[in-house]
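Trainee: Have a look at this one.
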């Protein structure tokens, strides 16, 4: 979690956050889109060939949730897996 000082008159801290879960640390991951061209061998073709490989990102399902952190309610970014498993207690 990075923070930097705002440039306005009052000294105010703004928190800059990436798309990352604050509980387990799950974040974006780079990967490939692989297209397969050609007709299958069992359908009479010569088999599938890898056509174009493009880059892509796998983004986690991150939700902003009000949760109890050390006794005080705070808005944090949490992945839905942590919510579902009960690692975070929501404030209602």
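Trainee: Expected output is a single nm value to one decimal: the length gained when fully extending between residue 90 and residue 36, i.e. 0.36 nm times separation in residues minus the C-alpha distance. What is it?
Mentor: Length gained between residue 90 and residue 36: 15.0 nm.
Trainee: Another question, then. Per Stokes-Einstein, at 20 °C and 1.002 mPa s, what whole-number D in µm² s⁻¹ belongs to the range 20-85, with the Kirkwood radius over Cα pairs as the hydrodynamic radius? Working shown, then result.
Mentor: Numbers: Rh = 15.2 Å.
It diffuses with D of about 141 µm²/s by this estimate.
Trainee: Then there is this: Can you give me the relative contact order of the range 10-92 as a percent, contacts being Cα pairs under 8 Å and 6 or more apart?
Mentor: Relative contact order, the range 10-92: 27 percent.
Trainee: Let me ask something additional. Subtracting the Cα-Cα distance from 0.36 nm times the residue separation, let me have the gained length for residue 74 to residue 55 in nm, one decimal.
Mentor: 3.3 nm
Trainee: Right, here's the next one. Ranked highest first by average number of other Cβ atoms within 10 Å, how do 64-72, 76-84 line up?
Mentor: Packing order, densest peptide first, comes out as 76-84, 64-72.
Values in this text are rule-based calculations from the coordinates and carry no lab data. Every value quoted in this text rests on a predicted model; they were computed, and no experiment measured them. Ideal geometry is used to build each Cβ from the backbone, glycine not excepted, and the neighbour counts take in all protein chains shown.
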